[in-house]
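See below for the structure under consideration.
The values are calculated or read from the model by the stated rules, or taken from the named source; none is laboratory data. What you see is a predicted model; the values in this text were computed from it and never measured. Glycine also receives a Cβ, built like all others from the backbone with ideal geometry; neighbour counts cover every protein chain displayed. Note: accessible area is taken over every heavy atom of the protein model, side chains too, but ligands, DNA and RNA are not part of it. Shrake-Rupley method; radii C 1.70, N 1.55, O 1.52, S 1.80 Å.
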Amino acid sequence: MTATDDTMASEAGTGAADAAPPEGVTVLADLRSHLRKSKAGISGIIICSLFALVAILGPWLPLIKDPTKQSLPDRLTPPVGWGGTWAHPLGTDQLGRDILARLIDGARISLLVSVTAVIIAAILGTVLGLVAGYIGGRIDTLIVSAADVQMAFPGVLAGLILVAAFGPSVWLVIIVVAISSWMVFTRVGRNLVLTLKTSLFVEASELSGTPSSRVMWRHLLPNLVSSLITLCVLELAAAILAESAFAFLGFGVQPPRSSWGLMIQQGRNYVTGDGWWIVTFAGLAIAIVVLGVNLLSLWLQSFNDVAEREQIILERPGA
Amino acid sequence: MNAPVTPLVESRDVSVHYTRWVGSRRRTVYALDDFSIAVAPGETVGLVGESGCGKSTAGRALLGAVKPTKGQVIFEGRDVTDLSRRNWRAMRKNVQMIFQDPYSALNPKIKIRDSIAEPFLVHTRKRGAELDAAVGELLETVGMTAGAADKYPHAFSGGQRQRIVIARALALHPSFVVADEATAALDVSIQAQIVNLLVELKDTVGLSYLFISHNLAVVRHVSDRVAIMYLGHLMEIGSHHDIYENPTHPYSKALLSAVPVPDPTTRGNHEPLKGDLPSPMDPPKGCRFNTRCPLAVDQCFHERPPLTERSSGHLVACWVN
Amino acid sequence: MLRWLARRIIAAALVVFVVTSLVFVVTHVFTDPATVSLPLEASEEHRAQRRAALGIDRPLGVQYWDFVSGLVVGDLGESFWQNQPASKLVLERLPATLKLVAGATAVTVLLAAPMGMLAAWWERRFPDHAVLGFSMASISAPPFWIGYLLIIVFAVQLGWVPTFGSRGFASLILPSFAIGLASAGRLAQMTRRGIVEELRKPYAVTALSRGFSRSYTIVHHTFRNVASGFVTMTGWELTRMFTGYTVVIEVVFAWPGVGRLAVQAIEGRDLILVQAAVVVLATLVVVTNLLVDIARRMIDPRVELA
Amino acid sequence: MSGASPNTGGSTERLLEVKDLTVGFPTRDGIVRGVDRLTLNVGSHERLGVVGESGSGKSVMGLAILGMVLPPGRIMGGSVRWRGEDVLDPAVAGRVRGREIAMIFQDPMVSLNPLKTVGSQLRELLKRRVGLQGPAIRRRSLELLDMVGIANAGERLRAYAYELSGGMRQRVMIATALACEPTLVIADEPTTGLDVTIQDQILALLHDLSTELGMSVLMITHDLGVVAQFCDRVQVMYAGRIVERAPINEMFADPQHPYSLGLLHSVPRVDRDDGELTGIPGEPLDRARFPPGCAFEPRCSEARGGCRDAPPPLLKTADRRWVACYNRPAEGSA
């Protein structure tokens, strides 16, 4: 009898609310257990970490050649398996430069541009969305109109005019990608705030005389975080693609530095003949990294969906 | 009016009208009209009515959360209708609100401690251990353990959350609490616990309540006086006994007979009240109940009946009864 | 409805006005067409001469007034690279771009709608996973790369369609797919999600509980509710096409459209022509958004309330 | 509402027989049972009430009887028989759903298709499920709206759900349920969210219609008042299981399960001043953490050691009375 009571108690104890760790810990644990079951999530995380590692450690990786070193006798060497040698595992380009080395160099630009642009866009967009949604009134109208205008004037269009006016540069690409992405955060943030604003916990806080800044910072922002992180990942994929498109058009990083988009531009004259690997590998690099980011966001979304669904099943069974 | 000598909170002819966009048209919502009520210290006044009757608006107007279009709100003898924002913030210590939905009344992303401590942080200089002690004490007052402070709302059931919400409302020792459908979202077995807690706190902490509810049975259980509203108008107000044993307004009678009693031996033939509730954007002229009233006469369609005293403290707004 | 439409059109016109003014600020305040058109080492005298020729030595206010009044009558300035009115050059290229967008939209809708329905119908079964795989692949690959892959496979290896340029219907096929695949991938997922979500809604559960079959419920009950979202998303994809995809794909396929003109104009340092192309494309985006709003309202009577 | 008309039960035909029905929902903590070994019978011309609080599984039960469970849930066992036929067989379900058993849901605003007019929703039912043609459809639609007490029926046919008031929507919902002249109506919280006076109208309407048309009603509700005023017989659910089953008068006069007793002592009455509400101590169960024994044990004042080992079976204690409690001896065993 005592034995059964003890096992019962410990069983109840592990699951019962009293033993529940603080939410931050449970969310991480939940994420981990959810990740273990998701092939997409695991592949996404592996691809993204590899990409980040290669981009950050690139120049210090052993055996990596100088991405800018030309060698005309070696030009257009095919990759291993198509008649090439391990000296250039992925072959060389039209100037005899090692494609693998150039891909790794390109990863740096890709990571720099996309991450910087998304961080700028996320911070700017979230703050504007928070203010527009919570304060409302004329400020709201102003911010929403600005977002509407931006919607009609996004990405490449803004890029075209800025490049035409100021000439190509990496910083210009960062700015263009950031300004074509901030309003996504503003819109999502604002809509969430409009819903949250009607929550009773916000009204309760206001009724006890809490100042607006504290309401926004302590009550609204923490409730936006999980959606905004998912959105950041999604926008990261868009940013990588945008950077490659700009580089492809010749508006981004300039030679001799390399970028995946630029490699495609430079290799395009060889697609129909003896040099298909330049475009193929550069494009593959973009596609794999973007796929990794997309898989990550797919998994984050499904995690949020599951969490939400179970919240409904478990918390408010009558609802 | 048999209002107590010095009411704690009083509203005098408070009206709240606001405009709302319906499609591309601007419509005025007549949420509350000429609403006068007084709550004495230590008293519980029940405010009952169906959806759109303005009972929540009335509660919020008494708390200063909604600015009256017209009329005055008086707190402890002082006119607080036109207080500036800053002065209202000071007032917040004295008046508090308990909400209907305990699930949305607590921020899911912050700990119980921080939810309850917020009023202290905003209004007092309590910090550190002193603050923790105050939070623990509040939790114990509402029947929770002080250990609850370290958890997030998701660890608690609806009833426990409502206790936490009550603890937060009590933080700064308010004298007047508006309970807006405070038990409506709870299961009956939990509702009873919370009702008992509220009744108990009234004596131990010394509170006055405006108890807003659509549930006439719960109101009967907790209130000293009861007011019945319909479409923004006060229809009848009186003591507990006046309203439940001697309802006079035809609407009060209909409302009371419509409540299903949990006792099959009380089944009888009553005729349900006909018709739908009109929209508060387009209320009927005269008595607002005239579209559904079985006794309505010509006068009811033209002139609004004033609240008149039928016996001591029992006021009814009806031309016929 | 008419009042709403009028309000909506005025708002759209305002957006066009603000966007073009922003463009003006970039092209005339931060820099000017003369500076851009000349090499850095050009002499000051040469610059002044060019400024006078282009009329940018006048006060900014006057230039802005010229710009705005020009806009109203469709005058977007003179391209000195081609020595022709910029608006004429852009309008000549517009049909090619519109043709491309139409082709891409056809690819998008014809692929996305059936794939989305298939995936929803076989929720969590093989077709659902297959459609998800297609979507992930198509939205991850850069469209210009897809363009080259299509060229390598279908033009070079198989020789089914021409490689570059715009020669009849056949040459439209590859660029349309290069643009449309990614849009189709996104739209298919959205359609699937929409249908699956609608099927869980109480009204769909009610329909099922009345004995209607799953297929009948999908087609007759959820369709219109999903359609509104479908139209919105298609509109979104159209704007993406106008503001990005066409530019890149026109370069890949040497397609004589507005986007390629803009890129060529940048290479030719012709700021006026770039400005004209951007203004026209931005206007197309605004018009697309307007049409989407009108379509949504016709599908869903509740939009009025929102 | 007319006076109590307790059905004798024994002499009526058994329409619906549910046996050991179990519905599971997969969650991260394993499979959670929303409904656990549910047994229920509805006879002809009977009004059966199922009463329970949130989380009792009463709404899951309503859909599961029609063989429907919202994903990711699924029916894990048991049987549902309608006049002897297996409703969990999709072929039978397709025939029975809507035509023999119709459901009414809690929130008519979202249970009616927002983009179809009232008329078109009635029309598709009458055409596809009843087989009416041409002008007969409109005639019958008007008749149905008239039956549920909607004035200006012709005009209302052109209205969308969002253009109607709450009470009106629920009347339309009832009209669509009646379209195929079902033998049983399952009403899942049909008056929750409606105002008291409107609830009164809807209950009276359902009562009158069931009498006139000879329909049985399965009323799923959390409101003991609704059960007391409407039903002939009642089953009390707690945490997915039936804990007590009794004719209406017996249940309210002499509840036997400690939970039923506690429930009755929790509800204040509007018609008289009652003493203190005792309530039920503790909190309802988190569905993820069902104990192996009686689910009510943690809140029960009569609990003994044995209550924790296995769930008590639902046993007959007297004529037409069934209780699932170890402390209530079964008939004949005492």
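Structure data summary
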{"quantity": "Kirkwood-based Rg to Rh ratio, chain D, C-alpha trace", "calculated": "0.98"}
{"quantity": "Accessible area (Å², 1.4 Å probe, nearest 10) - B:MET281", "calculated": "40"}
{"quantity": "Computed E for C:ARG200/C:ILE10 - FRET, C-beta separation, R0 35 angstrom, nearest 0.05", "calculated": "0.30"}
{"quantity": "FRET efficiency, 1/(1 + (r/R0)^6) with R0 22 Å, evaluated for C:THR31 and C:GLN82 via beta carbons", "calculated": "0.60"}
{"quantity": "Inter-site label distance for B:THR308 and A:ARG36 at 7 Å from Cα along Cβ, in nm", "calculated": "7.8"}
{"quantity": "Cα-only radius of gyration and Dmax that characterise segment B:153-254, units Å", "calculated": "14.9, 47"}
{"quantity": "Value of Rg to Rh for segment C:111-184 (Rh from inverse mean 1/r over Cα pairs, i.e. Kirkwood)", "calculated": "1.07"}
{"quantity": "Angle between chain B longest axis and helix B:112-123 axis [Cα atoms, degrees, rounded to 10]", "calculated": "80"}
{"quantity": "Distance (nanometres) between label positions extended 7 Å along Cα→Cβ at B:GLU130 and A:ASN304", "calculated": "4.2"}
{"quantity": "Reachable aspartates and glutamates, given that their alpha-carbon falls under 12 Å from the alpha-carbon of B:LYS151 and they are not under 8 places away in the same chain", "calculated": "A:ASP18, A:GLU23, B:ASP114"}
{"quantity": "Calculated log₁₀ intensity ratio I(q)/I(0) where the Debye formula runs over C-alpha points of segment D:106-212, q = 0.16, 0.22 Å⁻¹", "calculated": "-0.66, -1.29"}
{"quantity": "Contact order normalised by residue count of segment D:18-85, Cα under 8 Å, 6+ apart, percent", "calculated": "45"}
{"quantity": "Inter-part distance where segment B:220-284 and segment C:1-80 are each reduced to a Cα centre, Å", "calculated": "70"}
{"quantity": "Solvent-accessible surface (1.4 angstrom probe) belonging to B:CYS300, in square angstrom, nearest 10", "calculated": "10"}
{"quantity": "Antiparallel bridge percentage (DSSP; both residues within segment D:173-246; nearest 5)", "calculated": "50"}
{"quantity": "Coarse-grained scattering of chain B at q = 0.08, 0.10, 0.12, 0.14 Å⁻¹, given as base-10 log I(q)/I(0) from a Debye sum over alpha-carbon atoms", "calculated": "-0.39, -0.61, -0.87, -1.14"}
{"quantity": "Proximal lysines to D:LYS58, defined as alpha-carbon separation beneath 27 angstrom and excluding residues fewer than eight positions away on the same chain", "calculated": "C:LYS201, D:LYS19, D:LYS316"}
{"quantity": "Phi to ³J(HN,Hα) by Karplus 6.51 cos²θ - 1.76 cosθ + 1.60 over segment B:254-264, Hz, x for Gly, Pro", "calculated": "4, 4, 5, 6, 7, 6, x, 8, x, 7, x"}
{"quantity": "Candidate lysines for bridging to A:LYS197, where Cα separation is under 16 Å - those fewer than 8 sequence places away on the same chain excluded", "calculated": "B:LYS109"}
{"quantity": "Accessible area in the full protein assembly, largest first, 1.4 Å probe, for D:THR39, B:THR69, C:THR31", "calculated": "B:THR69, D:THR39, C:THR31"}
{"quantity": "Residue-level accessible surface for B:LYS274, protein heavy atoms, 1.4 Å, Å²", "calculated": "130"}
{"quantity": "Computed over chain B: relative contact order in percent, which uses C-alpha pairs under 8 Å that are six or more apart", "calculated": "21"}
{"quantity": "Of the DSSP H helices in chain D, those whose Cα atoms cover at least 20 Å axially and whose Kyte score averages -0.5 or more", "calculated": "D:196-213"}
{"quantity": "Whole-angstrom gap from segment C:117-179 to segment C:192-222, using each part's C-alpha centre", "calculated": "31"}
{"quantity": "Computed magnitude of the charge dipole of chain A (debye, nearest 20; Cβ of K, R +1, Cβ of D, E -1)", "calculated": "980"}
{"quantity": "Sequence of B:GLU140, C:GLU237 from largest to smallest accessible area, 1.4 Å probe", "calculated": "B:GLU140, C:GLU237"}
{"quantity": "The protein assembly as shown - Rg over Rh from alpha carbon coordinates, Kirkwood radius", "calculated": "1.01"}
{"quantity": "Inverse mean reciprocal Cα-Cα distance (Kirkwood Rh) of segment C:211-271, Å", "calculated": "14.5"}
{"quantity": "Exposed-loop-free span, longest in chain A, where chymotrypsin sites (Phe, Trp or Tyr not before Pro) count as exposed if DSSP calls them loop and at most 16 other C-beta atoms lie within 10 Å", "calculated": "A:87-319"}
{"quantity": "Rel. contact order, % - alpha carbon contacts under 8 angstrom, at least six apart, segment D:156-307", "calculated": "14"}
{"quantity": "Long-range Cα-Cα pairs in segment A:186-310 (distance over 21 Å), rounded percent", "calculated": "59"}
{"quantity": "C:TRP160-C:SER43 pseudo-label distance in nm [points 7 Å out on the Cα-to-Cβ vector]", "calculated": "6.0"}
{"quantity": "Reciprocal of mean inverse Cα separation for segment D:40-163 (Kirkwood radius, Å)", "calculated": "16.9"}
{"quantity": "Built amide H within the under 5 Å cut-off of B:SER208, gap 5+", "calculated": "B:GLY42, B:PHE176, B:VAL177"}
{"quantity": "Set of segment C:178-221 residues, backbone N closer than 18 Å to the point 7 Å along the Cα-Cβ line of D:ARG95", "calculated": "C:210-213"}
{"quantity": "Acute angle (nearest 10 degrees) that the helix C:44-54 long axis makes with the longest principal axis of chain C, alpha-carbon atoms", "calculated": "60"}
{"quantity": "Efficiency of FRET between C:LEU60 and B:VAL205 - r from beta-carbon atoms, R0 56 angstrom, step 0.05", "calculated": "0.20"}
{"quantity": "C-alpha center-to-center spacing [segment D:59-77, segment D:144-180] in angstrom", "calculated": "28"}
